[in-house]
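Quick notes on the structure that follows.
The values are calculated or read from the model by the stated rules, or taken from the named source; none is laboratory data. Just so it is clear, the structure is predicted and the values come from calculations on it, not from any experiment. Note that each Cβ is placed from the backbone with ideal geometry, even for glycine, and that neighbours are counted across all protein chains shown. Keep in mind that these areas ignore ligands, DNA and RNA; they rest on the heavy atoms of the full protein, side chains included. Shrake-Rupley method; radii C 1.70, N 1.55, O 1.52, S 1.80 Å.
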Amino acid sequence: MKIFLDTANVEEIKQGVSWGLVDGVTTNPSLASREKGKDFKTIVKEILSITPGPVSIEVIAEDYDGMMKQALKIRELGDNAVVKIPMTLSGLRAIKSLKEKKIPVNCTLIFNPLQALFAAKSGAEYVSPFVGRLDDISEDGMGIVAQIKQIFTNYDIETKILVASIRNPVHVLRSAIIGADVVTLPFDVLKKLPSHPKTDEGLIRFSEDWKKIFPSGEFFL
Ligand code: E4P
């Protein structure tokens with residue numbers, strides 16, 4: 001399972017990449033708005049250059065012509081730029097046209113399995129079900145991911161399932177068990193993943209016991 005960072009913050013991406021955990025990045029207009037006082041085009045170019053894989057950048061237009069124009073601008077920014085298109089009828093038309101131009105699309109704002117099926121049929125490279133936002137309204141976000149996986153398996157669909165709107169490590173674990181292709185994580189969730197209180201406790205105990213044998217650290221001198 002690939003791990004993407006869901007951020008527009010360059011420092012977070014640099015740290016994640018240094019840990020060897022980041023395969024790609026997803027951004028959206030809300031994440032971009034958090035990077036106040038900076039030119040977003042400059043930020044996007046830096047993100048594209050430091051990320052070792054695909055970077056999703058979203059169109060703002062809602063009509064077909066506008067989406068196409070913005071998609072081509074986004075793609076000009078780099079070979080690893082993936083165009084994020086919302087799940088609407090105009091969006092499906094844009095996805096089809098971009099597929100014909102071999103431009104990869106991440107279809108965003110997916111909230112049910114049939115939306116994912118339609119995005120895949122139109123030619124999306126990725127579909128992004130938003131699990132956290134479904135959980136927020138008492139629906140089962142991960143249940144939707146499982147249904148998408150089942151449908152894609154039934155029909156040998158190659159479109160990748162990119163689980164988005166992830167809020168916690170359990171979403172990540174369940175994505176891996178279901179067999180999702182990608183999870184996109186906020187930085188705080190990424191940092192939590194390698195941690196366990198028993199690991200911290202074990203480290204303290206080993207350190208204390210070692211000091212009983214080598215109080216001044218002689219072994220490594
Ligand atoms: C996905 O690509 C979106 O950027 C993101 O995961 C949305 O998450 P949110 O519901 O936490 O805003």
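Sparse packing (at most 14 other Cβ atoms within 10 Å of the Cβ) combined with a DSSP loop state is found for the following trypsin sites (Lys or Arg not before Pro) in segment 1-107: R34, K36, K38, K101, K102. Using 0.36 nm per residue and subtracting the Cα-Cα separation, the extra length available between D79 and E100 on full extension is 5.9 nm. In a simple Cβ point-charge model (Lys, Arg +1; Asp, Glu -1; nothing else charged), segment 95-221 has a dipole of about 320 debye relative to its Cα centre. Here the extension length gained between L89 and E218 equals 39.5 nm, from 0.36 nm per residue of separation less the Cα-Cα distance. Dipole check for segment 2-193: with +1 at the C-beta of Lys and Arg, -1 at the C-beta of Asp and Glu, and the Cα centre as origin, the magnitude is about 240 Debye. The chymotrypsin sites (Phe, Trp or Tyr not before Pro) of segment 97-171 that DSSP puts in a loop, and whose beta carbon has at most 16 other beta carbons within 10 Å, are Y155. Compared with the dominant Cα axis of the chain, that is its longest principal axis, helix 40-50 is turned about 60°. Remark: the D156-D188 segment gains 8.1 nm on full extension, using 0.36 nm per residue and subtracting the alpha carbon distance. Suppose R0 equals 35 Å; then what is the FRET efficiency for H196 and D39 from their Cβ-Cβ distance, rounded to the nearest 0.05? Between H196 and D39 the formula returns 0.30. Would you work out which of V170, S128, I47 lies farthest towards the positive end of the dipole of segment 2-193, given +1 charges on the beta-carbon of Lys and Arg and -1 on that of Asp and Glu, about the Cα centre? With unit charges placed on the Cβ atoms, the residue in question is I47.
Here's the picture: charge each Lys and Arg Cβ at +1 and each Asp and Glu Cβ at -1 in segment 2-193, and of I157, G179, F111 the one pushed furthest to the positive end of that dipole is I157. Considering only alpha-carbon pairs that sit under 8 angstrom and 6 or more positions apart, the relative contact order computed for segment 2-193 is 18 percent.
The radius of gyration of the Cα set in segment 2-193, together with its Dmax, comes out at 15.6, 48 angstrom. Solvent-accessible area of D39, all protein chains in place: 90 Å² (probe radius 1.4 Å, heavy atoms, ligands and nucleic acids excluded). For E58, the residues 5 or more places off, or on other chains, whose built amide H falls under 5 Å of its own are K84. The fraction of all Cα pairs in segment 101-221 landing in successive 5 Å bins from 0 to the largest distance is 2, 11, 18, 17, 12, 9, 6, 5, 5, 5, 5, 4, 2, 0, given as whole percents.
Taking all Cα-Cα distances within segment 160-221, those exceeding 16 Å account for 61%.
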